[in-house]
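As structure tokens, the structure follows; a few thoughts come after it.
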Amino acid sequence: MAIGKYLADNLGGARFSGLQLNDLATLLCGIKSVVFTSINSAEENRRVDSLCAELKLKKALLAHRRNVTNTRIIDILIGTNPKKIIDARRAYANVASPEWGLALGYPECCVRAYLDWRFNHNSGDLIGYIHQRTAGGKLLPFWMNNTVNYFSRLFTPEERKDNLAFLKLNPGQDRESIITWHPCSYLCAETMKKGKTLYEFMRKYMPDTISRRKAMLSKPVIFWDKFLFAVLNGNCRRKNRRFVVDYNGISRPKSLISAKTERALASFPRLSIGENGKITVPRSIPLPKGYIFLPFSAAF
């Protein structure tokens, strides 16, 4: 099948770099009708035309601009439904509107939550906002992990500079998520359902890749800010109304936390964390204040 040429383990040169595997998978499994992406060369334009021809997708050009790495790109839409592409093309005139997110097929609750954060609560990172909207005391499905999905989270020159430093710190690593949008909550029922469908579809065509991605996304995270977090190299479980994390040091992707903070976390094989998200054992662990605990898990 043509799908296997574009969605498989050990892919060759068929896919153009601007298109994430999970974005393409949303179209092919029917979760979404339209995907927003970009191309940066005539060669990539040729590749997207070949992809659309083989997978029976439609393409629409949008506009030229520079991305967060200051590279010249052309925004495009690809999709399965010509009418939905027309609607998205019209909504592109205002990407800060609910119409844009809805045209791209994101759940309405997630679209409205993102815009609420963007325009009313953006003093902190989006991850913290989503965490505040999530009921505590429960493990979180790994496919909901958007910690290193920076799409629609970078706005200032300082954030773009930090993003370049983050990319330099994690060269060549697959950092793509499963879901392609930011959830309104880490327990959003619609996103959880669609995320599981997407995960199962990708696992069918690229089991090795999705196994590695699951391993990365199912690790619990201590989170301070956009580029200040620690992925604990272990597993999280519930025990006696608290979380217990057994782990061995800090895992990739690495963030811009200090060496002191990383050493402090790496010094312990186990953390006990209350339902309020605060570390209770060991009590003396010297960490910066203001962290949140994200109990992502493979136990789903």
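Restricting attention to segment 270-291, does a residue exist that is basic (Lys, Arg) and closer than 23 Å to Gln20 by Cα? Break it down stepwise before answering.
Looking only at segment 270-291, we keep the residues that are basic (Lys, Arg), and these are 270, 278, 283, 289.
When the remaining residues are screened for being closer than 23 Å to Gln20 by Cα, the result is none.
No, every residue in segment 270-291 fails to be basic (Lys, Arg) and closer than 23 Å to Gln20 by Cα.
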Restricting segment 230-257 to residues that are at positive phi and in a loop (DSSP other than H, G, I, E, B), which is surrounded by the fewest Cβ atoms within 10 Å (Cβ to Cβ)?
Asn240
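Taking the stated definitions as given, is Glu190 of a type in the set (D, E, K, R) and assigned to a helix (DSSP H, G or I)?
Yes: the conditions hold for Glu190.
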Quickly run through segment 258-268 and pick out the residues that are under 22 Å from Pro171 (Cβ atoms) and part of a loop (DSSP other than H, G, I, E, B).
Ser258
Taking the condition exposed (fewer than 13 other Cβ atoms within 10 Å of the Cβ), without any contact (Cβ under 8 Å) to a residue 12 or more places away in the chain and closer than 27 Å to Ser123 by Cβ, does Lys260 pass?
no
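Each value in this text was obtained by applying a stated rule to the coordinates, not by laboratory testing. It should be emphasised that the depicted structure is a prediction, and the values quoted were computed from it without experimental measurement. In this analysis, Cβ positions are derived from the backbone assuming ideal geometry, glycine residues included, and neighbour counts consider all displayed protein chains.
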